[in-house]
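Colleague: The following block contains the structure, expressed as structure tokens.
Nothing in this text is a laboratory measurement; each read-out follows from the coordinates by a stated rule. The model shown is predicted, which means the values in this text are computed figures rather than measured ones. For neighbour counting, all protein chains shown are included, and Cβ atoms are generated from backbone atoms with ideal geometry for every residue, glycine included.
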2 protein chains.
Amino acid sequence: MSQIQRADARSNRDRVVAAAREAFASAGLEVPMREVARRAGVGVATLYRHFPTRTELVATVLAERVDDCTVQVRRALDDPDPWRALSGVVREFAERQIHDRALNEALLGPGEVSAAFQRERREHAQALNVLVVRARAAGVLRDGVDADDVRAGLLAIASLRRLPAATSARVIGRVADLVLAGIRA
Amino acid sequence: MSQIQRADARSNRDRVVAAAREAFASAGLEVPMREVARRAGVGVATLYRHFPTRTELVATVLAERVDDCTVQVRRALDDPDPWRALSGVVREFAERQIHDRALNEALLGPGEVSAAFQRERREHAQALNVLVVRARAAGVLRDGVDADDVRAGLLAIASLRRLPAATSARVIGRVADLVLAGIRA
DNA sequence: CTGGAAACGGAGCAGGCGTTCCGCTGTGGG
DNA sequence: CCCACAGCGGAACGCCTGCTCCGTTTCCAG
């Protein structure tokens, strides 16, 4: 019913997405289209047949990553310990940044790219709000700390991904600790 | 004895530096050379005669900004109140980032550019160390916080400059508060 | 005032990017 | 098995960048 496209086309599309995912994660979003095509073992035309514009390819790959983050926050809602839930989200987010160079650009990139994720971001924000409200009710947050503070902390962690790789991991870890110390009662 | 160059050459050099300073601050370091030349009211060749390569122009402009930061930390050494001195450095640094888009790239940019400031960075680090040691002696720092934590916090603040201008100011302010709360006893 | 060196401006070059065009290839329904 | 056509690869286009070349203008010492 669905197979309008040939089997080899479908397989090539998958290889392109896989190559883009890997390339973006390790080298950042500015990897040239030619390079993605080369890694996928296809010609540039094939790449453009599946993704008519660079932005669409980027959006497709980033959608997966952004979803990962939302899923992670949702999962934290199941944790009965409010502080462990919230601090786990911050720490795991930091961990993700260390291993995936593309993710931070989904959150920081100039409108064009990140505008596509408004819905995902809202879902992420809502789940995070719940975590913050619970933590606040449990009295583990410093007075005056709200969800925007936590989001600002996450953004700060994400931004650090631009540092030279040699130091970014260490700095991200320190900032994550700093953010947690900054929101805790 | 020194005027080996003509008066108009000297004046053009000044205009180029001024134009670059302004352009970098408002639009970021990736402003094209043509655009800097246009703003300065000179041809590109004139620009290249004074700065043989783009990197040299960038380094010249950034050197001023980086110096500003070092001077500011040195001045804080005169403050008798250790917490006010340290927190003032963090806040003023945040303020600078909000108003100058170029500064963060001096600290974050890939080696090529930022490597030129190793000496300045060491001086900055030494002065900051003194502030941290004093604050620690005064007992206003949380246990385990060291100068690297403060530096990591400053880097986090600097990195945020890449956010869309509309939100970056607010987020930078929140993160600065978060960092201060995170290091305070 | 004048001439030659210093300085100038902008067209032009090389190279990298995203994207398109088009002649060929190989898949899969009949 | 076969051939129409979906799908392919890579050369080529247009644009933008950093940087250079060279004929022309401007300064200023004598």
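Colleague: Under 10 Å, Cα contacts only: if you run a Gaussian network model on chain B, which one of B:Leu62, B:Leu128, B:Leu141 comes out with the highest mean-square fluctuation?
Modeller: Comparing B:Leu62, B:Leu128, B:Leu141 in the GNM, the peak value goes to B:Leu141.
Colleague: Another question about this same structure. Please sort through the DSSP H helices of chain B and keep those with an alpha-carbon extent of at least 20 Å along the long axis and a Kyte-Doolittle average not below 1.0.
Modeller: Qualifying helices, which must be both long enough and hydrophobic enough, are B:165-183.
Colleague: Could I ask something else about it? Work through the residues other than B:Glu92 whose Cβ is under 11 Å from its Cβ and net out their charges, Lys, Arg +1 and Asp, Glu -1.
Modeller: After counting each charged neighbour, the total is +1.
Colleague: Now for a different question. Can you pull the Rg over Rh of chain A, Cα-only, Kirkwood?
Modeller: 1.05
Colleague: When the Cα atoms of segment B:1-52 are enclosed in a convex hull and the volume is divided per residue, what value in Å³ results?
Modeller: About 76 Å³ per residue, rounded to a whole number.
Colleague: Every other copy gets compared here: list the nm distances from the B:Val130 label point (7 Å along Cα to Cβ) to its counterparts, shortest first, one decimal.
Modeller: Sorted ascending, the copy-to-copy spacings read 5.3 nm.
Colleague: Assigning unit charges at the beta carbon (Lys, Arg +1; Asp, Glu -1) and nothing else, what dipole magnitude in debye, to the nearest 20, does segment B:1-154 show about its Cα centre?
Modeller: 500
Colleague: Given all pairs of different Cα atoms, what value in angstroms does the Kirkwood hydrodynamic radius of segment A:136-185 take?
Modeller: One decimal place: 11.6 Å for the Kirkwood radius.
Colleague: How large is the Kirkwood hydrodynamic radius of the protein assembly as shown, in angstrom, based on all distinct alpha carbon pairs?
Modeller: Final number for the Kirkwood radius of the protein assembly as shown is 22.8 Å.
Colleague: Using 7 Å Cα-to-Cβ label points, what is the B:Ala18/A:Arg119 separation (nm, one decimal)?
Modeller: Calculated label separation equals 5.3 nm.
Colleague: Let me ask another. Cut-off 10 angstrom, C-alpha nodes, Gaussian network model of chain A. Which of A:Gln97, A:Gln72, A:Gln118 fluctuates the most?
Modeller: In the Gaussian network model the winner is A:Gln118.
Colleague: For B:Arg184, enumerate residues with amide H under 5 Å from its amide H, sequence gap 5+ or separate chain, H modeled in the peptide plane.
Modeller: B:Arg142
Colleague: Beta carbons within 10 angstrom, averaged per residue: use that to sort the peptides A:5-13, B:15-23, highest first.
Modeller: Result, highest mean Cβ count within 10 Å first: B:15-23, A:5-13.
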